[in-house]
1. Given 0.36 nm per residue, what is the gain on full extension from Val178 to Asp81 after removing their alpha carbon distance, in nm?
2. So, taking all protein chains as they sit and a 1.4 Å probe, how much accessible area belongs to Thr155, in Å² rounded to tens?
3. Roughly speaking, what % of Cα-Cα pairs in the stretch 130-196 are separated by over 13 Å, rounded to a whole number?
4. Would you please state which residues of the stretch 137-165 a label at Glu130 would reach in this model, taking the label point 7 Å out along Cα→Cβ and a backbone N cut-off of under 16 Å?
5. Relative to the present Cα-Cα distance, how much length would full extension add between Thr97 and His186 at 0.36 nm per residue of separation?
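The values are calculated or read from the model by the stated rules, or taken from the named source; none is laboratory data. What you see is a predicted model, and the numbers here were worked out from it, not measured in a lab. Here the Cβ positions follow ideal geometry from the backbone for every residue, glycine too, while neighbour counts run over all protein chains shown. Accessible surface areas use protein heavy atoms only, side chains included; no ligands, DNA or RNA. Shrake-Rupley method; radii C 1.70, N 1.55, O 1.52, S 1.80 Å.
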Amino acid sequence: MCFKVANYDALTKLFQRMSGSKSHNPLPIAVYEDDFDNQSESANILPNDSVEMKVSSIRSTENGSNNVPTKGLVIKSPAIDKILLGIKTWEMRSKSTQVRGPIALIKKGSGQIVGIANLVDVKGPLSQQEKLDTIDNHQISISRLNSNETDKWNTAWVLENAKPLITPVNYQHPSGAVIWVNLDQHAQENLVIAMK
């Protein structure tokens, strides 16, 4: 059984006190639900040779950055469905973005996060010929590419490791958000559970 951490700072301070260090890398320890009271900064820690943390909302990479998306990208169907199937790896947009790393994939009009992916690069602006040469990546048909409808979509946002969520996560959609949504804490916590 796992539980949610209500105060990450308190947990970090606890690990630092136990290790006698002010670094952000705690000792190899195990934290169990029955041994931790998340209303305080104290816990009984069981000795263990391996890192075995059963704290569901801590998902960190080696450099300490968070793997849980804090932003969601709004995408229409059928494009989002193709991304989640792994056949579309470029999301075509009219401009670049500085966002990189894990993102939530939001199905436009659904009020739900339906998947996750890593936004790893941006390519473009692409010429018409480059768009025709890369249909396998963006999955826009030749007939649509030859129409005026897609002329403005000349920048590819490159996605990797797209995965659907077994259970979609509801989120609060702020008024006016069209491309990106900053995910609230509640949505992020529910996303952690759904990503397991």
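1. Length gained between Val178 and Asp81: 33.1 nm.
2. Only protein atoms counted, so the area is about 10 Å².
3. Of all Cα-Cα pairs in the stretch 130-196, 74 percent lie more than 13 Å apart.
4. 137-139, 151-159
5. Length gained, Thr97 through His186: 29.5 nm.
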